[in-house]
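Data first, discussion second: the structure below is written as structure tokens.
The values are calculated or read from the model by the stated rules, or taken from the named source; none is laboratory data. Computed from a predicted model, the values in this text were never measured in an experiment. Neighbour counts are summed over all protein chains in view; Cβ atoms, including those assigned to glycine, are modelled from backbone coordinates with ideal geometry. These accessible areas exclude ligands, DNA and RNA; they are computed on the full protein's heavy atoms, side chains included. Shrake-Rupley method; radii C 1.70, N 1.55, O 1.52, S 1.80 Å.
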Amino acid sequence: MGRAFEFRKERKLKRWGHMARTFTKLGKEITIAVKQGGPDVTGNPRLRALMAEARAEQMPKENIERAIKKATESKQGDFKEIIYEGFGPFGIAYLVETATDNNTRTVANVRSYFNKCGGSLGTNGSVAFMFDRKCTFRVKEKEGIDLEELELELIDFGVEELFEQTEVDKDDNETKVICIYGEPTSYGAIQKYIEENGFELISGGFEQIPNVDLKDVTPEQRATLDKLTGLLEDDEDVTNVYTTMKPADE
């Protein structure tokens, strides 16, 4: 198994601490997807994947409809996806993805979090080269599926890595999930295969995979870095935070 598996295994999956944060994030992403590809799910694969994720997260129908309506109302400000790069203390690189309708507010907040924890906001390109952007899908495992055969078949659709993991929901129910990674340009082809071959799509999107060795830190250093990560993740404009820090459980 490759780097995407290691990243998925190592990364904290808590991302969003409670339901309201999850709905806010999905709402912004749905609005952006509609702005970019229109409200018709038939011709908008990104929107279809987000709708599947919203259902999996039990996002209320009215929240989804509100996000779509926001995208089609000209009086509403546009959410823009902006990536900030920086360094936390102890040489740990940070890549911070945001969706914002006020860049002045967002950059000021992100800079303040770095400064508060002894880090610094960097310039474009200072950190991005340490990460590779990949499209990623999570589907429920089908009974009797052979992962090796599936991976070989999906190579022709742009898949670079595929593996299985067990996920536990808030009610302690376990689900076997197949994680699929590929180049961003392969997003549409991979999603089409998933939909046409009877897989239940849980989510589809993009992730930043570190392409450098993750750095080990002491427990004391980790506490400071976790504080920075927490401040960033708690900001309503932030959608994802990626770092080059090695996880605590290794």
*Mind computing the radius of gyration and Dmax over the alpha-carbon atoms of the range 21-65? Å is fine for both.*
9.5, 28
_If I compute solvent accessible area with a 1.4 Å probe over the protein chains, what percent of it on the range 87-142 is carbon and sulfur?_
48 percent
*Compute, for residue 203, the solvent-accessible surface of its heavy atoms (probe 1.4 Å) with the complete set of protein chains present, and express it in square angstrom to the nearest 10.*
10 Å²
_Cα-based shape type of the range 47-130, given that a ≥ b ≥ c are square roots of the gyration tensor eigenvalues and the cut on a/c is 1.5_ = prolate
*Express in Å², to the nearest 10, the accessible area of residue 133 obtained by rolling a 1.4 Å probe over the protein heavy atoms while all chains stay in place.*
110 Å²
_Which residue, 228, 202, 187, has the largest displacement toward the positive end of the dipole of the range 149-250 when charges sit on each Cβ (Lys, Arg +1; Asp, Glu -1)?_
228
*What chymotrypsin sites (Phe, Trp or Tyr not before Pro) in the range 151-250 are in a loop by DSSP, with at most 10 other Cβ atoms within 10 Å of the Cβ?*
none
_Computed [θ] at 222 nm, helices only, for the chain once each DSSP H run of length n ≥ 4 contributes -39500 (n - 2.57)_ = -12500 deg cm²/dmol
*Derived scalar couplings ³J(HN,Hα) [the range 173-183; Karplus, 6.51 cos²θ - 1.76 cosθ + 1.60; whole Hz; x for Gly, Pro]*: 7, 9, 9, 7, 10, 9, 9, 10, 10, x, 5
*Derived scalar couplings ³J(HN,Hα) [the range 210-220; Karplus, 6.51 cos²θ - 1.76 cosθ + 1.60; whole Hz; x for Gly, Pro]*: x, 10, 10, 5, 6, 8, 7, 9, 7, x, 5
_Checking a compactness column here: for the range 143-250, what do you get for Rg(Cα) / (2.2 N^0.38 Å), N being the number of residues?_
1.33
*Write down the accessible area per residue of the chain in Å², having rolled a 1.4 Å probe over the full set of protein chains.*
52 Å²
*Span per principal axis, largest first, for the Cα atoms of the range 80-183 (Å)*: 52, 37, 32
_In order through the range 27-36: 3J(HN,Hα) via Karplus (6.51 cos²θ - 1.76 cosθ + 1.60), integer Hz, x for Gly, Pro_ = x, 5, 5, 5, 4, 5, 4, 5, 4, 7
*How big is Rg to Rh over the chain, alpha-carbon atoms, Rh as the Kirkwood inverse-mean-distance radius?*
0.96
*What is the Cα centroid distance between the range 171-225 and the range 70-141, reported in whole angstrom?*
18 Å
*asked:* Can you give me the long-range amide H partners of residue 131? Hydrogens built in the peptide plane at 1.01 Å from N, cutoff under 5 Å, separation of 5 or more residues or another chain.
replied: 211
